[in-house]
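I have placed the structure first, in the form of structure tokens, so that the comments after it can refer back to it.
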Number of protein chains: 2
Amino acid sequence: MTEQFIPSELFLRVERKRRQKPKIRDERITLAHGSGGKAMHQLIEGLFLEYLSNPLLEMLDDQAVFELGDEGHGVRLAFTTDSFVVTPIFFPGGDIGRLAVNGTVNDLAMSGARPLYLSAGFILEEGFLIGDLKRILESMRAAAEQAGVQVVTGDTKVVDKGAADKIFINTAGIGIIERPLHISASRAQVGDKVILSGSIGDHGTTILIARGELELETEITTDTAPLWSLVKEMLEVSTDIHCLRDPTRGGVATTLNEIAMSSDVCIAIEESQIPVCDEVRGACEILGLDPLYVANEGKLVAVVAAEVADQIVERMRQNPLGQQARIIGEVRAEPTGIVILNTAFGGTRIVDMLVGEQLPRIC
Amino acid sequence: MTEQFIPSELFLRVERKRRQKPKIRDERITLAHGSGGKAMHQLIEGLFLEYLSNPLLEMLDDQAVFELGDEGHGVRLAFTTDSFVVTPIFFPGGDIGRLAVNGTVNDLAMSGARPLYLSAGFILEEGFLIGDLKRILESMRAAAEQAGVQVVTGDTKVVDKGAADKIFINTAGIGIIERPLHISASRAQVGDKVILSGSIGDHGTTILIARGELELETEITTDTAPLWSLVKEMLEVSTDIHCLRDPTRGGVATTLNEIAMSSDVCIAIEESQIPVCDEVRGACEILGLDPLYVANEGKLVAVVAAEVADQIVERMRQNPLGQQARIIGEVRAEPTGIVILNTAFGGTRIVDMLVGEQLPRIC
């Protein structure tokens, strides 16, 4: 990857961005607040952190990591939660139940934790079909088995017809970190390489097409998958993995922005290196979407020390979930907090965090 | 408490009940499936357990308890989850946020665990007022501080207007069990005493009146409170505490039935010993409710070894949350799985689990 010229106009935008302190100016919640993008970050940093502030929450990682027990003999745990409100609840390759298990399993894995136990909280709408609930539970059972986790505690609430849309599932999860690791979005270092585990945009595109409003017919299916086996193998190669994140809501673009801001670095990526399968690319063109912003449910982005990057990629490619793994970019010193894309046509542009709401209720 | 004559007709009903295996015959979810009562137990035992079966889930306690780490040096943890869908979201003495913190704190405390960390998952309806969200967050902050816990990880989803009713909050929690304890609904033993920490029915009555459909004006407020300080003091007196449960949905009647079934014992209680404050009693009479089935959010039921019962009650009364604590009954051998009430008028009746749905969306 070659250093490219960054125009001064771009530096000005960067400076403006730097000075912004997240503030909530809206009076009401909008769909954008759940997008995974800029408005959601404002909600979290400008509101949630203001009230519930503590050192673990302030890390803004997708999971909290802490040690319990006697010093020296304690256990290091990861703890995370996600609610799932996807619509439709059944879609090619998966359903809300599979998503609810894999989503939380992946948030644990992204801290290097082996996922162990899940909780499951169901909010059901009065009138929801028991047959559909059975399908969803069967799919959770299969996903939990595949991921090697157990659902050990749960809760069920029913709300009156019209007070919820069919079914919402919350899962929380506990995992154990068995090696001395320190993986966080704040740990990207200048010179690190950025790895992507496979092609992007499958999940978001699948959901949008499954809504049927566009009368598109494709073979695209969700990529939902439990990523711990892949992470485990990466850690066997090296523990010099600095950041790990699964690019769900807001896509790879938003994830890279989170890392760039959290680590106070610049991330430069090569458009030509980012795999997008033909059908997804075609569907995104019709739908007017940029795959970089479309949600994935079985992919990961890793920022790793340059000297181990090739070895890690090689190992990832032996895992079915990492066959298309590759280095897509690198970490630079400046401009901090910014993601730069070197386009396939030789240009350079800033890749901002998702602004507004692209795909509501994608997970 | 004197042994009372149990009529043979009652024994027949008991036998019928014993032979029942929970089965889901409904085609659709009804409000009763979220009641905390019989239909919910059928849903859990007949469906959730069928698909997600594992030894920890099968305990059917309100939390899972497991050990992590090296043997002998490991830590024993409790893990639990609850979703909150209460309506209205603000009510006398509390709101959905305070409930969401205290509810999960209490489920942890009921295993003898010191509550440590919570997750919070928010499902927000498009258009929800940011001002209301601030009030709820402030109330979660205060509740977490009071309970000595931290919200360390979270998630926010926004659904389109009409797809949820304002705000739903899921909390999951992790607590640490620092003494050798084995508290479970399955551990009640013949001869044990049943302790209740205070007056019943406050929370459920508050919510029902707050809905304003009945144009009742009272001074009743929710009893929502974090119960760990009370449990901690009880454990300082004795670890011969066999069962602990907070009687939320389905009330004291349902909680005692759960313990009687789980432990395969009979629980006999004295109506005259169960404190109900005058205003709650009056409101329940007007509303046609039996306070025994009305939800509490700051009370606990304990089944303890007879020889330590008085000492525990004495200590509980020194805690503001246990001032009205008293022994309300005892554990007998037969008929198993049944709760018997000796009425204030000298009669005896079976207190069944809640059937149907009394108060939807009470928490």
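Looking at segment A:17-35 only, could you name the residues that are in contact with a helix residue (DSSP H, G or I) (Cβ under 8 Å, 6 or more places away or on another chain) and modelled with pLDDT of 85 or more?
Those that are in contact with a helix residue (DSSP H, G or I) (Cβ under 8 Å, 6 or more places away or on another chain) and modelled with pLDDT of 85 or more: A:ASP26, A:GLU27, A:ARG28, A:ILE29, A:THR30, A:ALA32, A:HIS33, A:GLY34.
Within segment A:193-203, identify whether any single residue is buried (at least 16 other Cβ atoms within 10 Å of the Cβ) and assigned to a helix (DSSP H, G or I), and answer yes or no.
yes
Go through segment B:235-266 and count every residue that is within 20 Å of B:VAL149 (Cα to Cα) and not charged (D, E, K, R).
Counting residues in segment B:235-266 that are within 20 Å of B:VAL149 (Cα to Cα) and not charged (D, E, K, R) gives 1.
With the checklist (1) within 14 Å of chain B (Cβ to nearest Cβ); (2) at pLDDT 95 or above; (3) farther than 28 Å from A:LEU341 by Cβ in hand, flag the one item A:GLU213 doesn't pass.
(2) is the only condition that A:GLU213 fails.
What are the residues in segment A:54-93 that are modelled with pLDDT under 90 and over 28 Å from A:LEU359 (Cα atoms), if any?
Within segment A:54-93, A:GLY69, A:ASP70, A:GLU71, A:GLY72, A:HIS73, A:GLY74 meet the criteria.
Kindly provide the set of residues from segment B:83-99 that are closer than 13 Å to B:ILE169 by Cα and open to solvent by 20 Å² or more (accessible area, probe 1.4 Å), ordered by number.
Step one: filter segment B:83-99 for residues closer than 13 Å to B:ILE169 by Cα, giving B:83-87, B:89, B:95-99.
The answer is B:THR87, B:ARG98.
Residue-by-condition table, conditions (1) within 19 Å of B:ASP62 (Cα to Cα); (2) not in a loop (DSSP other than H, G, I, E, B):
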position: B:GLY212; (1), (2): no, no
position: B:THR218; (1), (2): no, no
position: B:THR222; (1), (2): no, no
position: B:PRO226; (1), (2): yes, no
position: B:GLU236; (1), (2): no, yes
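Does any residue in segment A:305-318 that is closer than 20 Å to A:GLN189 by Cβ come within less than 9 Å, Cβ to Cβ, of a residue that is of a type in the set (Lys, Arg) six or more places away or on a different chain, and which pairs are these?
Matching pairs, first to second residue: A:ALA305/A:LYS193; A:ALA306/A:LYS193; A:VAL308/A:LYS193; A:ALA309/A:LYS193; A:ASP310/A:LYS193; A:ILE312/A:LYS193; A:VAL313/A:LYS193; A:VAL313/A:ARG326.
Yes or no, residue by residue, for (1) of a type in the set (A, V, I, L, M, F, W, C); (2) at the interface with another protein chain (Cβ under 9 Å from one of its Cβ atoms):
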| site | (1), (2) |
| --- | --- |
| A:GLN63 | no, yes |
| A:PHE66 | yes, yes |
| A:ASP70 | no, yes |
| A:THR80 | no, yes |
| A:VAL85 | yes, yes |
| A:PRO88 | no, no |
| A:PRO92 | no, no |
| A:GLY97 | no, no |
| A:ALA100 | yes, no |
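Between a first residue in segment B:234-250 that is closer than 14 Å to B:GLY322 by Cβ and a second residue that is open to solvent by 10 Å² or more (accessible area, probe 1.4 Å) and assigned to a loop (DSSP other than H, G, I, E, B), which pairs have beta carbons less than 7 Å apart while being 6 or more apart in sequence or on different chains?
Qualifying pairs under 7 Å: B:LEU235/B:ARG179; B:ILE241/B:ILE183; B:LEU244/B:ILE183; B:ASP246/B:LYS299.
Take B:ALA309 and decide whether it is of a type outside the set (Lys, Arg) and under 24 Å from B:TRP228 (Cα atoms).
When the stated conditions are applied, B:ALA309 passes them.
Mind telling me which of the residues A:THR218, A:THR206, A:THR224 ends up being among the β-branched types (Val, Ile, Thr), within 27 Å of A:VAL86 (Cβ to Cβ), within 14 Å of the chain's Cα centre (by Cα) and open to solvent by less than 50 Å² (accessible area, probe 1.4 Å)? Walk me through how you get there before you give the answer.
Details: A:THR218 fails: within 14 Å of the chain's Cα centre (by Cα); A:THR206 fails: within 14 Å of the chain's Cα centre (by Cα).
Unique residue meeting the criteria: A:THR224.
The values are calculated or read from the model by the stated rules, or taken from the named source; none is laboratory data. Quick caveat: nothing in here was measured; it's all calculated off a predicted structure. When we count neighbours, we look across all protein chains shown, and the Cβ atoms used for this are built from the backbone with ideal geometry, even at glycine. Just so you know, the surface numbers come from the protein's heavy atoms only, side chains and all, with ligands and any DNA or RNA stripped out. Shrake-Rupley method; radii C 1.70, N 1.55, O 1.52, S 1.80 Å.
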